[in-house]
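Before any comments, here is the structure.
The values are calculated or read from the model by the stated rules, or taken from the named source; none is laboratory data. Keep in mind the model is a prediction, meaning the values are calculated, not measured. We place every Cβ from the backbone using ideal geometry, glycine too, and count neighbours over all the protein chains shown.
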Amino acid sequence: MFPDFLPAAVQDLTDAESIDFVQTIQRVTVKVPLESGELGVATSYIQQGTPTDQLPILLIHGFDSSLMEYRRLLPLLAEHREVWAVDLLTFGFTERPENFTFSGATIKGHLHQFWQDVMGGRSLILIGASMGGAVAQDFALTYPDAVEKLVLLDSAGFVGKPLASRFLIDPIGKFATNFLSNPKVRNGIGQRAYFAPQTWATPEAYRCGALHLGMPRWSEALISFTQQGGYTIQKESIGKIQQPTLVLWGDRDQILGTANAQKFTKTLPNNTLVWVPQCGHVPHLEQAQFTAEKIQSWLPTPTPQAV
């Protein structure tokens, strides 16, 4: 059985991997702080792995995406520790309230409330992919006590315009989101995201990546978010991040290129760069096993429990 809040297109999934993953998606109401009070937002998330005394992991997806992009990486990480993935406000299967301004500020406020109210406000390891990397960096700067370590997967940063502007055309409006929802356009973006699209850009990958387009007010929320400037982080802010940071970068990234990986190594005060071989913009999808192994080996080894 699939969760009843998912779009009807969930019935079109065919691979056991994606079906098993989507069946574990849950929803919880998170109160988003606003100037006029607060607003309850039904928020989609996944939690796998056994809670221990190790730091939990929270996975943050990229632009116009959902937690479905972690369907390969999350189960691998959950073999070793507690792992969460959440759909950011504006995206995925999280509710998009009417008459609401979707911006970087409201996304960050919603994420903080999710961390505090649902995850219990525990210190964590924050992993962000693409635009999610900018969200993760900003969150670590704003709430340094919440984030012990950062992992950036082909992360946004050092970009003059929001990452969204690479995929949306002017004028930002219904026409632009219709363009982005066009199957040929989305499939083309998917092809560019992989180094080996003949292997990974499958019809099922498309179905997983486009599933959230069937959620109510997908277009309106995306327009609002883009009009508010998207989610960016500047070099000056990146240089203030103190948490140890692992930068994992596909060596054949055609979306952001590879030069920004070197910029992160020169700007982040405490970082380790690992190139993901034969990989495009999405190492968590194209090289999930390699990515999981590098993350796990970078994290502290748990101390064996005394018998």
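Which of the following residues is under 24 Å from Ser219 (Cα atoms), out of contact with any Pro (no Cβ under 8 Å at 6 or more places or on another chain) and of a type in the set (Val, Ile, Thr): Thr90, Thr24, Thr50?
After ruling out the rest, the residue left standing is Thr90.
Evaluate region 210-217: report whether one residue or more is small (Gly, Ala, Ser), farther than 16 Å from Gly157 by Cβ and surrounded by 19 or more Cβ atoms within 10 Å (Cβ to Cβ). Give the steps one after another, and end with the answer.
Initially, region 210-217 is screened for residues small (Gly, Ala, Ser), giving 210, 214.
Now narrow it down to the ones that are farther than 16 Å from Gly157 by Cβ: 210, 214.
Now drop any that are not surrounded by 19 or more Cβ atoms within 10 Å (Cβ to Cβ), which leaves 210.
Among the residues of region 210-217, at least one is small (Gly, Ala, Ser), farther than 16 Å from Gly157 by Cβ and surrounded by 19 or more Cβ atoms within 10 Å (Cβ to Cβ), which makes the answer yes.
Report those helices (runs of 4 or more DSSP H) wholly inside region 139-247 carrying at least 3 residues which are farther than 30 Å from Phe100 by Cα and modelled with pLDDT of 90 or more.
Details: elements: 174-181, 183-193, 197-200, 203-210, 218-227, 235-238.
Fully inside region 139-247 and qualifying: 183-193, 197-200, 203-210.
Consider Ser65 carefully, then state whether it is within 24 Å of Gly229 (Cα to Cα), under 19 Å from the mean Cα position of the chain (by Cα) and surrounded by fewer than 24 Cβ atoms within 10 Å (Cβ to Cβ).
So Ser65 fits the description; yes.
Limited to region 6-27, what total is found for residues that are touching a residue at least 40 places away in the same chain (Cβ under 8 Å) and loosely packed, with under 15 Cβ neighbours inside 10 Å?
Qualifying residue count, region 6-27: 5.
If I ask for residues that are among the β-branched types (Val, Ile, Thr), surrounded by fewer than 19 Cβ atoms within 10 Å (Cβ to Cβ) and modelled with pLDDT of 95 or more, which ones from region 90-137 would you list?
Across region 90-137, the qualifying residue is only Val118.
Being basic (Lys, Arg) and touching a strand residue (DSSP E or B) at 6+ places or on another chain (Cβ under 9 Å): is that true of Lys266 here?
The answer is no for Lys266.
Are there strands (runs of 3 or more DSSP E) fully within region 36-130 with at least 2 residues that are basic (Lys, Arg) and in contact (Cβ under 8 Å) with a residue 60 or more places away in the chain? List them.
Working: elements: 37-48, 57-60, 83-86, 124-129.
Per the criteria, no element qualifies.
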